[in-house]
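Only one structure is covered here, and it is reproduced in the block below.
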Amino acid sequence: MVIIDNFCNSKPEVINRIQKITGKTVALIQGDVRDKVFLGTVFKQHAIKAVIHFAGLKAVAESVANPLRYYDNNVMGSLALVEVMTEFNVKNLVFSSSATVYGFSDTKPIPETAPLSPFNPYGHTKRMVEQILEDLSASDSAWNIALLRYFNPVGAHESGMIGEDPNGIPNNLMPYVSQVAAGKLKELSIFGNDYPTVDGTGVRDYIHVVDLALGHVAALNVLDKNCGLLTVNLGAGHGYSVLELVHTFQEVTGRAIPYRIVERRAGDIAMYFADATLAKQKLAWQTQRDLADICRDAWHWQSQNPQGYS
Ligand code: UD1
């Protein structure tokens, strides 16, 4: 196995820990997905059968402030990758898409057939790459492509050795809650409690990162059977509110999460969660870990690595 990373949002130490957990040696090559010459040398030197393409930027607010960086990295990077894959006749690809492509969908739960209406640059880049890959698949039946639409990936590996280490103050709920629990941040701001949901706070489909990883393994197995194009949601199939997550985190970890209710965050959706039936049918995959597992593992990672990987 070969991992390519430019480390713009991650640390090489992760690879050491992956090797410890798996007992396998991983070839790590530093480089950028947009660099076709670089990718070509990697494909020349390694017998690659399939690619899992995770090399995307994912912060919504950052994408609004700096859209060109997102189009360049996410769209141009994906184009470069599939061009080089074509050149080397490697035509099995798993792409990290996102539930963000559904935008303000009225359907709950959201099936893969729901209308698509992303509404920020990050979401546009995900949908654009899906479109490129759909057209590529239609043009050449040798391609096997899984577009995996992630809902809200959270938690950490149960060993506590690998987890989320955001740069600066976290934007997303789970790393923020973890840092409040650790005393690194004073309190959680909950963005609105007047949404039409169970308790007024936003509802999301949180999926444990290990379940998410297993979804990729399931997708790779299906690609191997010449499945063509497959578009599937990776979610648990039910939603939890911000307050439900906070209460579960407190119960499971015994840590207090002081919070206060503040204004809604611009661009937030009240509620979304996956219709997860297609993943079960097509990938024989479903989530195995619940919200309590997610909170336990997130806290395990945070408490063992108060400074992240550094
Ligand atoms: C967003 C993106 C998603 C992306 C994810 C990770 C959209 C529609 N969603 O998800 O595609 O994969 O970020 O970057 O583009 N919350 C608080 N306080 C906080 C932080 C969050 O109350 O300090 C609330 C939010 O209002 C929301 C929930 O927690 O209801 C989850 O927010 P977050 O973890 O940021 O993820 P999303 O915005 O759902």
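The values are calculated or read from the model by the stated rules, or taken from the named source; none is laboratory data. Predicted model only: the values in this text are computed from it and were never measured. Positions of Cβ are backbone-derived with ideal geometry, glycine not excepted, and every protein chain shown enters the neighbour counts. We work out accessible area using only protein heavy atoms, side chains counted, and drop any ligands, DNA or RNA first. Shrake-Rupley method; radii C 1.70, N 1.55, O 1.52, S 1.80 Å.
If we scan segment 232-250, do we find a residue that is under 18 Å from the mean Cα position of the chain (by Cα) and open to solvent by 60 Å² or more (accessible area, probe 1.4 Å)? Checked segment 232-250: at least one residue is under 18 Å from the mean Cα position of the chain (by Cα) and open to solvent by 60 Å² or more (accessible area, probe 1.4 Å). Can you find, within segment 189-205, the residue that is farthest from the ligand (Cβ to nearest atom) among those that are open to solvent by less than 20 Å² (accessible area, probe 1.4 Å) and within 19 Å of Val60 (Cα to Cα)? The extreme case among them is Asp205.
Flag set for Asn171, criterion: open to solvent by 40 Å² or more (accessible area, probe 1.4 Å), touching a residue at least 12 places away in the same chain (Cβ under 8 Å), under 17 Å from the mean Cα position of the chain (by Cα) and within 9 Å of the ligand (Cβ to nearest atom). Got at least one residue in segment 218-232 being over 22 Å from Gln179 (Cβ atoms) and touching a Phe, Trp or Tyr at 6+ places or on another chain (Cβ under 7 Å)? Within segment 218-232 (the criterion being over 22 Å from Gln179 (Cβ atoms) and touching a Phe, Trp or Tyr at 6+ places or on another chain (Cβ under 7 Å)), the answer is yes, since at least one residue qualifies. Would you confirm, using the coordinates I've provided, whether Tyr176 is within 12 Å of the ligand (Cβ to nearest atom), without any contact (Cβ under 8 Å) to a residue 24 or more places away in the chain and under 17 Å from Ala298 (Cβ atoms)? It is true that Tyr176 is within 12 Å of the ligand (Cβ to nearest atom), without any contact (Cβ under 8 Å) to a residue 24 or more places away in the chain and under 17 Å from Ala298 (Cβ atoms). Only one of the numbered conditions (1) under 15 Å from Ile190 (Cα atoms); (2) open to solvent by 40 Å² or more (accessible area, probe 1.4 Å); (3) in contact (Cβ under 8 Å) with a residue 40 or more places away in the chain; (4) among the small types (Gly, Ala, Ser) is not met by Ser303, and that is (1).
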